[in-house]
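These notes are about the structure you will find just below.
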Amino acid sequence: MNHYGSKVLKRQPENGDPPIRQLAARMAEVRPFHVMALLGRARELEAQGRDIVHLEVGEPDFITPEAVCSRGIQALSAGRTHYTPAAGLPELRQKISAWYGQRYELSVPADRIMITPGASGALSILAPCLFGPGDEVLLPDPGYPCNRNFVLATGAQPVMVPVGSQERWQLTPERIRSAWNEHTRAVILASPSNPTGSVLSAAEITAVADCVRQLGGVLIVDEIYQGLQYEGDACSALQCSEDVFVVNSFSKFFGMTGWRVGWLVTPDWAREPLERLAQNLYLAAPTVAQHAALAAFEPDVQAQLELRRQEFQARRDFLLDALSGTPLEAAGIPAGAFYLYMRLAGDRGDAVELCSHLLEEHGVAITPGADFGDHLAGQHVRLAYTTNTGRLAEGVRRIRQALT
C-alpha cells in the first residue's frame, strides 16, 4: 500500500527471467582501493605462514589510551547507550571548543561544532549540503581518494587538479583559478595531507581561502591528521577564515580509529541544514565513543599523545635515512601525518606491479600511487610508518634486497 491507501504493484521476475539488478551509473567512477586488495592478499600470505611487514595501511599501531577506554567502559556501565542529539554530546562539543582555545588560541563556539561518525560522517553530510548534480569540486591530485567519492555520491563531479613537488603537493590559488569555471562550487584540501604529509602554513591557507571566496565558492579543509605535525608552527584553517568548513577526527592523533567519532566545524549559516541532514542520514555519532572521547583531552592523555607524536617523528627520520641510496626517493620531507610519498627512480616499471612484486616475493606491503589519483601515479608509492622501528628496518632491508 502507498501513503494514500492504494496498492503499489511491482512486476515480479518470472521463471527464467534475469533478476532485476542495476547499479547507479556513478558506481563506474568509484575506483577500488589497491591498498585493500594488497592488505587482503597480505593476510592470505600470513595465514600461510609468511612474515609480512605492513607499511600499507594508514592506521596508528598504538592502541587507544587506557583512560579513553576506561571512560567508554564507564559509560556502558552507567547505561549511557541511548542516542545523543544529532549535533553530538554537548559536553564533548564544549571540550573541543576549549581544545581549540588552548592549542590554537582560537575562539570556536561549541554550537559551531558537530560530532560525527568519524571524518567520513562529516563529509557524508557536507557533500549533499553544499553541492549536487551539475556542480564541480576541485581536489588535489594526488589526494585522499574517499574525498572524491563523497563528491561523486551527490551527483557532482570531482575535478582532480594535478599538483607536484613544486607546490609541495598542495592546491595553490594559481592552480585553483586555472581550474575554476562556472560550474565549480567548492575546493577540498587537506593539511596535513595524505599521501604526502605536506602541511599548509597559515599564510597559505589564508591565500587559498581568500581566492575561493573571491571566486564565489566554499572551502573544506580536512584536518584529520592535525596534531601529527613535525615541522613549523601548527595551525588550523579556522585561524584563517570563519567561512571555512573544517573536518577533524579522533582517529589519527587521538588513536581512536575503531571508535568512529570525529567532528565538523561549520560556519553559522550552514549549521541548521547540516544538523537536519545528520538527523536523517545517521541520527547521531556512537554514544559510547562520544563519552570515551571526553577523556582524550585530559592532561595525562594529551601528554601520552605527544610522546606518540614524537615517536612518529623518530620513525619518519629513521625511514628517510634508511631508504637513502635506494631507488625510492622521497618526494619531499613530510611535515605531518605518518606517510612517506616516494618516487621510483629509474626504469622500475609501474608502481602497482612493483607493490605486488614486493608483497609476493619479499613480504613487504606498500601502497601504489594509483590509490591517490592519476598525476604521476605510476611513478610513486606510499609507505606508512605505523609500525615500530624494528619492523621498519626489516621492511627497508627487504626493499633494498628487491630493488638493488
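The values are calculated or read from the model by the stated rules, or taken from the named source; none is laboratory data. Everything numeric here is computed off the predicted structure, so don't read it as measured data. Glycine also receives a Cβ, built like all others from the backbone with ideal geometry; neighbour counts cover every protein chain displayed. Calculation scope for accessible area: heavy atoms of the full protein, side chains included, ligands and nucleic acids excluded. Shrake-Rupley method; radii C 1.70, N 1.55, O 1.52, S 1.80 Å.
Before moving on, here are some points about what is shown:
- Of the residues making up region 252-263, those that are on the phi < 0 side of the Ramachandran plot and either part of a loop (DSSP other than H, G, I, E, B) or open to solvent by 10 Å² or more (accessible area, probe 1.4 Å) (or both) are Lys252, Phe253, Phe254, Met256, Thr257, Gly258, Trp259, Val261.
- Checking each residue in region 79-119 for being assigned to a helix (DSSP H, G or I), within 19 Å of the chain's Cα centre (by Cα) and not hydrophobic (A, V, I, L, M, F, W, C) picks out only Gly118.
- Being part of a loop (DSSP other than H, G, I, E, B) and either of a type outside the set (Phe, Trp, Tyr) or modelled with pLDDT under 95 (or both) is true of Glu242.
- Strands (runs of 3 or more DSSP E) completely within region 120-229 that count 1 or more residues being without any contact (Cβ under 8 Å) to a residue 60 or more places away in the chain and charged (D, E, K, R): 136-141, 184-190
- Condition check for Arg398: within 18 Å of Ile52 (Cβ to Cβ), among the charged types (D, E, K, R) and touching a strand residue (DSSP E or B) at 6+ places or on another chain (Cβ under 9 Å): yes
- Odd one out for Ser124, checked against (1) closer than 30 Å to Pro368 by Cβ; (2) among the small types (Gly, Ala, Ser); (3) in contact with a strand residue (DSSP E or B) (Cβ under 6 Å, 6 or more places away or on another chain): (3)
- Where Ala285 falls short, out of the listed (1) under 26 Å from Thr386 (Cα atoms); (2) surrounded by 15 or more Cβ atoms within 10 Å (Cβ to Cβ); (3) of a type outside the set (Ser, Thr, Tyr): (1)
- Test: residue in region 158-166 that is modelled with pLDDT under 95 and open to solvent by 10 Å² or more (accessible area, probe 1.4 Å): yes
- Among residues of region 264-282, those that are open to solvent by less than 10 Å² (accessible area, probe 1.4 Å) and out of contact with any helix residue (DSSP H, G or I) (no Cβ under 6 Å at 6 or more places or on another chain), counted: 2
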